[in-house]
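Just so it is clear, none of the values below were taken in a lab; they were calculated from the coordinates. The shown structure was predicted, so the numbers you read here are calculated from the model rather than taken from an experiment. Neighbour counts are summed over all protein chains in view; Cβ atoms, including those assigned to glycine, are modelled from backbone coordinates with ideal geometry.
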Amino acid sequence: MPDQVKYLLDESSIPTNWYNIQADLPSPMPPILHPGTGQPAGPEDLAAIFPDALIAQEVTTERDIEIPQPVREMYKAWRPAPLFRARRLEKELQTPAKIYYKYEGVSPAGSHKPNTALPQAWYNKEAGVKKLTTETGAGQWGSSLALACAMIGDIECKVFMVKCSAQQKPYRKAFMESFGATCTPSPSDETDSGRAILAGDPKCPGSLGIAISEAVEMAAKDPNTKYALGSVLSHVLLHQTVIGQECIKQLELAGDDPDVIVGCTGGGSNFAGLAFPFLGDQLRGGKKRRFVAVEPAACPSLTRGKYAYDFGDTAHLTPLVKMHTLGSTFVPPAIHTGGLRYHGMAPLVSHVVELGLCDPIGVHQLEAFAAGIRFAKAEGILPAPEANHAVAGAFREAERCKREGKSEVILFNLCGHGHFDMSAYQAYNAGELQDYEYPEKEIAMALAGLPPMGN
Ligand SMILES: *Cc1c(COP(=O)(O)O)cnc(C)c1O
């Protein structure tokens, strides 16, 4: 078909396995450490908060992990997701580059997050768990877990939502509650960690690190409750590889192979989900490609953080992971991009950056929103503010191709739509959105508090 725009696969093309990049890395990722002993953590150290099947997926180096058939069946609700060739955008940018984007906003929650919410809820239900706790920033993850628990049935869902996001996005709470979940603004008075934060700062806007502390604490205190994380951990990145695997098939249909792959990075999962299947091919001797991870300049873990062992949460209840971090006590500016306000980065993405296999860049929110609006006018989809960062990264690559006169193939992840983010667009359209300066002092203070273990 000439000038084809959508590349669609049928349901039989939903991947049968998740792809584990740990099988192909030239050196293994540093282990998770027990915070008390500084020694590698064993499965027993994680058993209070995660079911065995997910702990096994966290550490395995097996390449292909079979997707349980019931999960594949539920994936059919929206997968395979479409791949678009951005023909109108290419004209608008007057670039010789070919631009493709994978659209994960077709999921019922509007982002890539249900790709991991469903299997996480499923493995927990199989293990007899009655209730899942979690945190959410922008609300995408809480919505996805609420949806997954409702689809799977007989499993309760409790979400701690970062307070400033909860105020910006009241409809996310209504969404979660419609699927039967409970949603509490964090810091809350329902946990010791929340109460401790509120005692020090009653007006604290919250952060993902604080909300994680509350959710982990609640799970650790009840044997029938476990905790689910929407990003960062290796098993979460693993589940997201359905994105890249589908893209490989779709680009074969299009007769193209990407030179540059772009994704936004909050905790690293949508970027890894798109990039790792292509990177795995490269590591096994396939085509060499450029991988660009785009983060907000106001919360720049990959570009300005330290590669060190740190806690995943503010109250220091989690094990230690080696990652690019701004310090677990860092509370980022209240940028309109809740999903990218995490102090750390997935250890696997950090490791890949350390190996020189990926180029991270930082983008200010005004550049990101300007790119998102220009994208929307050309392609008709209003992206999530997080995804705007990927769009801005793709624009920079398209501009470079124009300067260099190259017709490279650019692929980026449009990881969610922005239909719940209208207050952010309202602020942008009214000229009220600001660029934040790099929070130098706050980051220095948070980094000074890094744990001594392993650093
Ligand atoms: C949660 C979220 C992100 C950030 O998380 P990653 O793990 O980095 O993918 C980015 N975009 C959207 C749409 C999200 O919902």
*Please report, ordered by residue number, the helices (runs of 4 or more DSSP H) entirely within the range 78-179 with at least 3 residues that are touching a residue at least 60 places away in the same chain (Cβ under 8 Å), more than 16 Å from the ligand (Cβ to nearest atom) and crowded, with 21+ Cβ neighbours inside 10 Å.*
114-126
_Would you confirm, using the coordinates I've provided, whether Ile212 is within 16 Å of the ligand (Cβ to nearest atom), more than 30 Å from Val331 (Cα to Cα) and crowded, with 24+ Cβ neighbours inside 10 Å?_
no
*All but one of (1) free of Cβ contacts under 8 Å to residues at least 24 places away in the same chain; (2) surrounded by 24 or more Cβ atoms within 10 Å (Cβ to Cβ); (3) of a type in the set (Gly, Ala, Ser) hold for Gly338, so report the exception by its number.*
(1)
*Filtered residues of the range 57-77 (kept if crowded, with 21+ Cβ neighbours inside 10 Å and polar (S, T, N, Q))*: Gln57
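Kindly provide the set of residues from the range 192-204 that are assigned to a helix (DSSP H, G or I) and touching a Pro at 6+ places or on another chain (Cβ under 9 Å), ordered by number.
Ser193, Gly194, Arg195, Ala196, Ile197, Leu198, listed by residue number.
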*Filter the range 312-325 down to the residues that are aliphatic (A, V, I, L, M) and touching a Phe, Trp or Tyr at 6+ places or on another chain (Cβ under 9 Å), then identify the one that is farthest from Pro360 (Cα to Cα).*
Leu317
*Check off (1) among the aliphatic types (A, V, I, L, M); (2) surrounded by 24 or more Cβ atoms within 10 Å (Cβ to Cβ); (3) more than 16 Å from the ligand (Cβ to nearest atom) for Leu317 and give me the number that stays unchecked.*
(2)
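Where residues in the range 247-266 are away from the ligand (no atom under 16 Å from the Cβ) and not charged (D, E, K, R), which of them is surrounded by the fewest Cβ atoms within 10 Å (Cβ to Cβ)? Write out each step before concluding.
Start the filter on the range 247-266 by keeping residues that are away from the ligand (no atom under 16 Å from the Cβ), which leaves 248-260.
Imposing the further condition that a residue be not charged (D, E, K, R) reduces the set to 248, 250-251, 253-255, 258, 260.
Values: Ile248: 15, Gln250: 24, Leu251: 20, Leu253: 13, Ala254: 15, Gly255: 6, Pro258: 23, Val260: 23.
Only one residue fits best here, namely Gly255.
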